[in-house]
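Data first, discussion second: the structure below is written as structure tokens.
The values are calculated or read from the model by the stated rules, or taken from the named source; none is laboratory data. From a predicted model like this one, the values you see are computed outputs, not experimental measurements. Here the Cβ positions follow ideal geometry from the backbone for every residue, glycine too, while neighbour counts run over all protein chains shown. For the accessible areas, the whole protein counts, side chains as well, though only heavy atoms, and no ligand, DNA or RNA atoms are used. Shrake-Rupley method; radii C 1.70, N 1.55, O 1.52, S 1.80 Å.
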Amino acid sequence: MERILAISDIHGCYNHLVKLLLKVGYNPDKDQLILLGDYVDRGTRNLATLNFVKILVEKYGAIALRGNHDQMLLDWLESPSEYSFTYFMNGGLDTIKEFVDNPNDIVCLDTYIDWSIQIKEKYKDIIDFLHNLPCYHETDKYIFVHAGINPFLKDWRNTSKDEFIWIRDEFLDNDHGLDKVVIHGHTPTKYLHDSADIYFGNKKIGIDGACAYGYQ
């Protein structure tokens, strides 16, 4: 491979993703594409994004990792009565409505349960795809992950699944002491250095440009 291309936090911004791949001249025969999670919520084309990511992985050899929003969707599907408020507060309702046949139904607990059943039956292939996403990818020089790693562990690979997709301050505020560079999303770079540009820290590279919020 001539290049590694890493993209994080697409959040349903399907058109932006396609334009970005065209802009950099993505060639799956020469480039290793690594997607760092959060494919849904906040954008307007969540289902199209998931379908496209699945194709990129299965047909073109891309690597897709798990993000916290992808996990929230899975958690909601298993327990809509428990997770609806939390997930919908984070942009999940619009995502769910893209999946269902009658998105304008009266919203109540019974509706959520019906939607969950419908989605798991109709989109089983996509849900299975999300269930199988790994939490990290490692090369000889880099560690790719959605949110970060636990910097206090003797072996960073023992970072918990929740930390891989949710960790913030413990990772961002402490050096990890590894020989490899950690490339991550999850925290918009404008919160790291007052710019939507890529953030370069001490053996850390943050690449969440907050596209879904109108930034990079």
Original post:
Could you list, in sequence order, the residues of region 159-197 that are closer than 23 Å to Asp70 by Cα and assigned to a loop (DSSP other than H, G, I, E, B)?
Top reply: Thr159, Ser160, Ile167, Arg168, Gly185, His186, Thr187, Pro188, Thr189, Ala196
Subject >> Residue in region 159-175 that is of a type in the set (Gly, Ala, Ser), farther than 22 Å from Arg42 by Cα and at pLDDT 95 or above present >> reply: yes
**OP:** Test Asp110 against the criterion of being at pLDDT below 95 and assigned to a helix (DSSP H, G or I), and give yes or no.
**Re:** yes
**OP:** Report yes if some residue within region 203-215 is outside any helix (DSSP H, G or I), of a type in the set (Ser, Thr, Tyr) and free of Cβ contacts under 8 Å to residues at least 24 places away in the same chain; otherwise report no.
**Re:** no
Original post:
What are the pairs, 6+ residues apart or on separate chains, where a residue within region 86-112 that is free of Cβ contacts under 8 Å to residues at least 12 places away in the same chain and open to solvent by 60 Å² or more (accessible area, probe 1.4 Å) has its Cβ under 7 Å from a residue that is assigned to a helix (DSSP H, G or I) and not acidic (Asp, Glu)?
Top reply: Asp105/Thr111
Original post:
Name the residues in region 139-158 that are open to solvent by 10 Å² or more (accessible area, probe 1.4 Å), assigned to a loop (DSSP other than H, G, I, E, B) and touching a Leu at 6+ places or on another chain (Cβ under 9 Å), would you?
Top reply: Pro151
**OP:** Mind listing whichever residues of region 17-47 are surrounded by fewer than 20 Cβ atoms within 10 Å (Cβ to Cβ) and not in a loop (DSSP other than H, G, I, E, B)?
**Re:** Val18, Lys19, Leu20, Leu21, Leu22, Lys23, Asp31, Gln32, Ile34, Leu47
Original post:
Is at least one residue of region 120-127 over 22 Å from Asp208 (Cβ atoms), assigned to a loop (DSSP other than H, G, I, E, B), open to solvent by 20 Å² or more (accessible area, probe 1.4 Å) and touching a Ser or Thr at 6+ places or on another chain (Cβ under 6 Å)?
Top reply: no
**OP:** Might you check whether a residue that is part of a loop (DSSP other than H, G, I, E, B) and out of contact with any helix residue (DSSP H, G or I) (no Cβ under 9 Å at 6 or more places or on another chain) occurs anywhere in region 58-70?
**Re:** yes
